[in-house]
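Student: Here you go, one structure.
The values are calculated or read from the model by the stated rules, or taken from the named source; none is laboratory data. Only a predicted model underlies this, so the values are computations on that prediction, with no experimental measurement involved. Glycine gets a Cβ as well: all are built from the backbone with ideal geometry, and neighbour counts include every protein chain shown. Calculation scope for accessible area: heavy atoms of the full protein, side chains included, ligands and nucleic acids excluded. Shrake-Rupley method; radii C 1.70, N 1.55, O 1.52, S 1.80 Å.
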Amino acid sequence: MIEIKSPGELDAMRAAGLVVAKSLAAVAAAARAGVSTAELDEIAEQTIRDAGAVPSFKGYHGFPASICASVNEQIVHGIPSKSQVLADGDLISVDCGAILDEWHGDSAVTLFVGSISDADQALSDATKASMLAGIEAIRPGNRLTDISHAVETSVHASERADGRTYGIVREYGGHGIGSSMHMDPFLPNYGKPGKGPRLRVGMAIAIEPMLTLGAEETVELEDGWTVVTADGSRAAHWEHTVAVTDDGPWVLTAPE
């Protein structure tokens, strides 16, 4: 069963999404050399709570923070730490979720600290472009894997344009979202089109491609959360919560 939201419930999700967008903007403004990921977490949590919302991640299956802060070779679920201090040239993916009036918003961005390499910029751009391609496929009557196929097709287009290969992380992907943070359906970031349930007005899906500058294989660290690239290559992660409407995709976590 995939949760179908009423127009009013989608409006409530939009309100939660705006809290997430504001929190990520605050984190982006503070992400610079010498700042720890724990400090970024504090900023995000304060922004969320000031809006009358609750962090989705904190306490979720025991996760200890309000954001996931994944630096360089870390792909997802990086735990913020006072000892993880950002340095010039770092790449950091920040995932953030908020609950407002019992509805969830979930979004992620990849940020740069100081100077940036051409490879890191291309990686982030390719990841974001694939997310946007997936968003464009969120239309009533389309199948779930039409989104997956759009994401993968965009990645391959970026590979041709950039003259490099990107690893598409396969173990992790998008998901349904609404009255809970993670709901059916699971959304792979690759695959053939025309499969899975049809998209219906009122569905909401978090689209979140993760790409690497190397291979697609991943390793989970001993902390039970942090996922890194097996080959040590850098990774990027972009995500938006998107609703299916008669007028096309509605990005619920877009900045106001």
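Student: Looking only at residues that are open to solvent by less than 30 Å² (accessible area, probe 1.4 Å) and more than 15 Å from residue 22 (Cβ to Cβ) in region 96-110, which one is farthest from the chain's Cα centre (by Cα)?
Tutor: Taking the candidates together, the pick is 104.
Residue-wise test of (1) over 15 Å from the mean Cα position of the chain (by Cα); (2) within 30 Å of residue 201 (Cα to Cα); (3) open to solvent by 10 Å² or more (accessible area, probe 1.4 Å).
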| position | (1), (2), (3) |
| --- | --- |
| 15 | yes, yes, yes |
| 38 | yes, no, yes |
| 42 | yes, no, yes |
| 48 | yes, yes, no |
| 51 | yes, yes, yes |
| 54 | yes, yes, yes |
| 58 | yes, no, yes |
| 62 | yes, no, yes |
| 66 | no, no, no |
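Student: Being β-branched (Val, Ile, Thr), open to solvent by 40 Å² or more (accessible area, probe 1.4 Å) and either modelled with pLDDT of 95 or more or under 30 Å from residue 12 (Cβ atoms) (or both) narrows it down to one of 153, 145, so name that one.
Tutor: Only one candidate qualifies: 153.
Student: Output yes when any residue across region 219-241 is within 18 Å of the chain's Cα centre (by Cα), of a type in the set (Gly, Ala, Ser) and surrounded by 23 or more Cβ atoms within 10 Å (Cβ to Cβ), and no when none is.
Tutor: Taking every residue of region 219-241 in turn, at least one turns out to be within 18 Å of the chain's Cα centre (by Cα), of a type in the set (Gly, Ala, Ser) and surrounded by 23 or more Cβ atoms within 10 Å (Cβ to Cβ).
Student: Cβ-Cβ under 7 Å, sequence separation 6+ or interchain: first residue in region 177-193 and under 14 Å from residue 137 (Cβ atoms) and small (Gly, Ala, Ser), partner open to solvent by 10 Å² or more (accessible area, probe 1.4 Å) and at pLDDT 95 or above. Which pairs?
Tutor: So the pair list comes out as 191/145; 191/149; 191/152.
Student: Another question about this same structure. Could you list, ordered by first residue, the pairs with Cβ atoms under 8 Å in which the first is in region 238-256 and on the phi > 0 side of the Ramachandran plot and the second is open to solvent by 30 Å² or more (accessible area, probe 1.4 Å) and modelled with pLDDT of 95 or more, at least 6 apart or interchain?
Tutor: These pairs meet every condition: 248/139.
Student: Something else about it: Can you find, within region 1-13, the residue that is modelled with the lowest pLDDT among those that are of a type outside the set (D, E, K, R) and surrounded by 15 or more Cβ atoms within 10 Å (Cβ to Cβ)?
Tutor: 2
Student: Quick one: how many residues across region 221-251 are part of a strand (DSSP E or B), out of contact with any helix residue (DSSP H, G or I) (no Cβ under 6 Å at 6 or more places or on another chain) and among the hydrophobic types (A, V, I, L, M, F, W, C)?
Tutor: Summing the residues that are part of a strand (DSSP E or B), out of contact with any helix residue (DSSP H, G or I) (no Cβ under 6 Å at 6 or more places or on another chain) and among the hydrophobic types (A, V, I, L, M, F, W, C) in region 221-251 gives 6.
Student: Scan region 198-217 and report the pairs whose first residue is open to solvent by 10 Å² or more (accessible area, probe 1.4 Å) and whose second residue is assigned to a loop (DSSP other than H, G, I, E, B) and among the small types (Gly, Ala, Ser), with Cβ atoms within less than 8 Å and a gap of 6+ or a chain change.
Tutor: 198/141; 208/173; 213/233; 214/232; 214/233; 215/230; 215/233; 217/230
Student: Same structure again: When residue 180 is evaluated against the numbered criteria (1) in contact with a helix residue (DSSP H, G or I) (Cβ under 8 Å, 6 or more places away or on another chain); (2) under 19 Å from residue 13 (Cα atoms); (3) among the small types (Gly, Ala, Ser), which criterion, by number, is the only one it fails?
Tutor: For residue 180, the failing item is (1).
Student: May I pose another question? Exactly one condition in (1) in contact with a Pro (Cβ under 6 Å, 6 or more places away or on another chain); (2) farther than 25 Å from residue 14 by Cβ; (3) of a type in the set (A, V, I, L, M, F, W, C) is not met by residue 138; state its number.
Tutor: (2)
Here is a yes/no grid of residues against (1) within 26 Å of residue 213 (Cβ to Cβ); (2) in a strand (DSSP E or B):
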{"site": "2", "(1), (2)": "no, no"}
{"site": "11", "(1), (2)": "no, no"}
{"site": "25", "(1), (2)": "no, no"}
{"site": "48", "(1), (2)": "no, no"}
{"site": "94", "(1), (2)": "yes, yes"}
{"site": "105", "(1), (2)": "no, yes"}
